[in-house]
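The next block holds one structure in the form of structure tokens; read it before the comments.
The values are calculated or read from the model by the stated rules, or taken from the named source; none is laboratory data. Because the structure is a prediction, the values reported are computed rather than measured. In this analysis, Cβ positions are derived from the backbone assuming ideal geometry, glycine residues included, and neighbour counts consider all displayed protein chains. The accessibility values were calculated without ligands, DNA or RNA, using every heavy atom of the protein model including side chains. Shrake-Rupley method; radii C 1.70, N 1.55, O 1.52, S 1.80 Å.
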Amino acid sequence: ANSCYATMFRGCTKLNSVTMLATDISAGYCLDNWLTGTASTGTLYVATDAMKTTLDNDTYRPSGWTVETATWSVIGDFAGFNWNKDFMMTETGDNTKVFKSSAITFKAGEQFKVRFGGDWEKGDYGAPTNEAITLGTSITATEQGHNIAVPADGNYIITLDLSDTLNPTITLTAAPQP
């Protein structure tokens with residue numbers, strides 16, 4: 001897929017923010033001139049620190065643009081919150097592309113989604129169907145998917161795995177007991 005995103009935003013003169021969820025841009029000339037003709041200053045939000053390092057040292061962005069790592073978070077109607085508080089996720093290691101929440105307390109049937117940068121427009125992942133998630137089983141993380149319902153009361157850890165960019169997954173596991 002050489003030149004896959006070349007000139008993608010050429011001439012979009014008012015464009016000053018791009019959210020890039022890609023975790024691998026090793027294809028030849030992948031981003032050549034992709035931001036040519038955009039606003040002279042802007043921000044490129046990326047999913048991992050490794051991607052930030054790559055693009056900070058890259059010629060694929062205009063000199064007036066900065067690169068920032070945005071965070072993944074869990075949001076929902078659990079623990080007394082009504083879709084108004086993000087619970088941050090952390091990458092599990094150096095460039096693993098796997099992100100985990102800390103333990104979150106849920107009641108049966110409460111729902112959540114995973115989003116990028118605390119913004120519904122930058123990345124919103126849910127379930128492919130409107131069903132409760134099975135504990136310990138990965139589901140396909142579907143962009144603008146359905147809310148994910150938990151099966152029972154408990155403390156859970158939510159994992160977003162982006163290591164296979166074509167098939168990202170979300171997994172719900174029981175949090176270790178203290």
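Filter the strands (runs of 3 or more DSSP E) completely within segment 108-164 down to those with at least 3 residues that are in contact (Cβ under 8 Å) with a residue 12 or more places away in the chain and of a type in the set (V, I, T).
On the way: elements: 111-116, 124-126, 154-161.
Fully inside segment 108-164 and qualifying: 154-161.
Sort out which residues of segment 65-92 are open to solvent by 30 Å² or more (accessible area, probe 1.4 Å) and either assigned to a loop (DSSP other than H, G, I, E, B) or basic (K, R) (or both), and write them in order of number.
Of all residues in segment 65-92, those open to solvent by 30 Å² or more (accessible area, probe 1.4 Å) come to 66, 68-69, 71, 77, 79-88, 90-92.
Listed by number, the residues that qualify are T71, D77, A79, G80, F81, N82, W83, N84, K85, D86, T92.
I'm trying to understand the selection: among the residues of segment 95-148, which are among the polar types (S, T, N, Q) and crowded, with 19+ Cβ neighbours inside 10 Å?
Of segment 95-148, the ones among the polar types (S, T, N, Q) are 95-96, 101-102, 105, 111, 129-130, 134, 137-138, 140, 142, 144, 147.
Passing the criteria: S101, Q111.
Name the single residue, out of those in segment 96-107 being among the basic types (K, R) and not in a strand (DSSP E or B), that is modelled with the lowest pLDDT.
Residues of segment 96-107 that are among the basic types (K, R), as a first pass: 97, 100, 107.
Checking which are not in a strand (DSSP E or B) leaves us with 97, 107.
On the way: K97: 86, K107: 95.
The extreme case among them is K97.
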